[in-house]
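A short worksheet on the structure shown next.
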Amino acid sequence: MNALSEYLRFFVTLTAVLDPFLAIPIFIGVTAARDDHSTRRLANVVTLTVFCVLAGAVFLGEALLSLMGASLEAFQVGGGLVLLLMALAMLNAKVGEMRQSPAEAEELQSGEVSGVVPLAVPLLAGPGAISTSIIAGEAGGMTHKLALVACIVIVCLALWWFLRVADALGRRISNTGLNIATRLLGLILAAIAVETMAEGLKRLFPALAG
């Protein structure tokens with residue numbers, strides 16, 4: 001049950017970090033001038049890109065941390081802080097500069113980019129999602145990593161569905177409705193972020209656990 005709860009926590013965290021509700025209006029704006037075939041193709045490519053980035057983070061996280069000379073505990077604190085900043089932006093129903101800088105937003109809206117960048121990276125598979133995947137991947141061996149990838153597959157399938165029906169959802173759900181969903185995910189993410197930072201701090205400073 002403990003392992004199951006950990007995978008459920010990873011699934012919920014990743015869903016909150018990716019926040020498909022936040023991506024819907026942006027995806028609609030990017031695909032406004034595209035036909036259905038082009039929109040479907042972009043949804044496929046964005047989803048596949050997100051999956052590859054997050055799955056790569058799970059398997060390559062240990063090597064990346066070693067290359068940076070950072071401990072998992074320190075990365076938990078830093079990653080938790082990133083998640084908290086993202087959560088605060090979500091509570092205000094904003095994208096936040098952790099996901100997308102103003103320059104990236106202008107570039108995306110101008111149509112100068114394909115949409116994969118910066119829509120897939122860093123808007124969806126950004127620092128928060130990558131750090132979440134790296135931290136989770138360090139907790140076990142190959143079987144554990146494969147289970148995490150299975151969670152990523154499920155989240156990406158949900159993301160793909162949201163992108164495919166983004167136009168229909170955008171017509172049926174008001175911006176207020178999308179913002180409410182984003183705020184709820186932000187609240188969940190804020191709690192998870194604080195817990196992640198607390199775990200890292202306890203490991204860095206064992207005296208705090210007493």
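With contacts taken as Cα pairs under 8 Å and at least 6 residues apart, the chain reaches a relative contact order of 45 percent.
Counting Lys +1, Arg +1, Asp -1, Glu -1, what net charge surrounds Gly200 among other residues with beta carbon under 14 Å of its beta carbon?
-2
Note on the chain: helix-only mean residue ellipticity at 222 nm, from DSSP H runs of 4+ residues weighted -39500 (n - 2.57) and normalised by residue number, equals -26000 deg cm²/dmol. Measuring how big segment 112-182 is from its alpha-carbon positions, Rg and Dmax come out at 15.3, 45 Å.
The residues packed around Val12, meaning those with a beta-carbon under 14 Å from its beta-carbon, carry a net charge of -2 if Lys and Arg are +1 and Asp and Glu are -1. Largest mean-square fluctuation among Met197, Met142, Met90, in a Gaussian network model of the chain whose springs join Cα atoms under 10 Å apart, belongs to Met142. Of the DSSP H helices in the chain, those with a Cα length along their own long axis of 30 Å or more and a mean Kyte-Doolittle hydropathy reaching 0.0 comprise 36-68, 142-164, 175-204.
A simple count of charges around Leu72, restricted to other residues whose Cβ falls under 11 Å of its Cβ and scoring Lys, Arg +1 and Asp, Glu -1, yields -3.
Taken together, the values in this text are just the output of simple stated rules run on the coordinates, not laboratory data. What you see is a predicted model, and the numbers here were worked out from it, not measured in a lab. For neighbour counting, all protein chains shown are included, and Cβ atoms are generated from backbone atoms with ideal geometry for every residue, glycine included.
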